[in-house]
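Everything below concerns the one structure shown next.
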Amino acid sequence: MSATDGRPLGRVLVTGAAGFVGQWLLPALAAEGAELFALATDPNVPSASPRVPPEPSGVTWLLGDLRDDAYVRHAVQTARPETVIHLAAISHLPTAAADPALAWDVNVTATARLLHHLEQQRAAVNPTVLIVGSAEQYGRDASHTMPLVETAVQAPRTIYAATKAAQEVLALQLWRATALPVVVARSFNHSGAGQPPRFLLPALAHRARELASAPAGTPMPVGNRSPVRDFLHVSDVVAAYISLCQRGTPGEAYNVASGTGWSVQQVLDKVLARTGSRAVPTEDPALVRPVDVPVLIGDPRKLQHATGWRAQRSLDDIIEDLLHAATF
């Protein structure tokens, strides 16, 4: 999709820009001709993986903490963004569970602060704001049928999921109250080169690669293998985000999903087959989450109809990227 298709991106402010998705998003935005302002707590460290796109030239980095009101006000006033993509979050479920107050501060209160300062400067610029939520918001409810559509009941079952649902509530409240153009993405699982090993797919790829030459029968520690998830390649996710900034309807939420579910066991089978490992998956209680939603598959048709977006990469592509990453 070209920058002339739908709303122009113009000056784009990306929060959490040094994170996994941010590494992929900045080059994709640059390819669309956007002027980039990147927010992060620490300087960007280029990925060691040759499969992660290099950082584009001309990015203005504004370092600080979104919990700092003066920093957020300065960043908004400096960037004067026409588009905002809000990635910054405590996105690792166990980390959020271990420190709920931090998760609420970063995922909800910091979002409220950012939205407030964006709304305050609307006399000069009226930005389109993409709020990045999560499939975890749906949780588990007796009414659910797969794939989930955007009208499905949200029944969060983790701290992380609750913070993302609250983030969406406050963002859409501001849209209703002030007409600030807010678009919401509910993103299902995504992965690819550069994702930290504390997340499921890179963890499985790392363990399988380490055990590729181990004797047959060597135990490979794994968590619960029954959950079913909808996986997207990170490059498809950033394409969806850009499409929503250009063509998403303010006040609406969109699933960013493939519509296909894979169990952890099916993913594990693919990883082991690709590496040739003869290790035996063995459940490790330390890796089993106490609260797990059995199935999360998203219906992507609303996103597809609104933007023309279609996923281009497969689960096999994700696994290939992870296995060829230089480091984990």
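Read-outs: derived from the displayed coordinates by stated rules, not from any lab. Note that the coordinates shown come from a computational prediction; the quantities given were computed from them, not determined experimentally. Heads up, the Cβs are rebuilt from the backbone with ideal geometry, glycines too, and the neighbour counts pull from every protein chain shown.
Observations
- Taking the chain and dividing mean pair separation by its residue count, relative contact order in percent (alpha carbons under 8 Å, at least six apart): 20
- Angle in degrees between helix 264-275 and the longest Cα principal axis of the chain, rounded to the nearest 10: 70
- Modelled this way, with points 7 Å down the Cα-to-C-beta line, the labels at ASP141 and ALA124 are 4.1 nm from one another.
- Stokes-Einstein diffusion for region 1-142 at 20 °C, viscosity 1.002 mPa s, with a Kirkwood radius from C-alpha pairs, works out to 134 µm²/s.
- Global geometry of region 88-237, whether rounded, prolate or oblate, following the gyration tensor of its Cα atoms and the 1.5 cut on a/c: prolate
- Relative contact order for region 45-127, counting Cα pairs under 8 Å that sit 6 or more residues apart, in percent: 35
- Helix 20-31 and the longest principal axis of the C-alpha atoms of the chain enclose an angle of approximately 50°.
- Given R0 = 25 Å, the distance between the Cβ atoms of VAL169 and HIS92 translates into a calculated FRET efficiency of 0.70.
- Estimated FRET transfer efficiency (ASP99, ALA216; beta-carbon r; R0 41 Å; 0.05): 0.50
- Backbone N within region 266-298 under 13 Å of label point (7 Å from ARG225 Cα along the Cβ vector): 266-273, 278-284
- Long-range amide H partners of SER134 with built H, under 5 Å: SER187
- In this label model, ALA286 and VAL149 are separated by 4.5 nm, measuring between points 7 Å along each Cα→Cβ vector.
- With Cα atoms, 0 to 90° folded angle of helix 200-210 axis to the chain main axis: 40
- Spin-label model distance (nm) - SER57 vs THR249, 7 Å beyond Cα toward Cβ: 4.2
- Shape class for region 125-168: oblate, because the ratio a/c of the largest to smallest gyration tensor axis (alpha-carbon atoms, square roots of eigenvalues) is 1.5 or more and b/c is at least a/b.
- Counting only DSSP beta bridges with both residues in the chain, the antiparallel share comes to about 5 percent.
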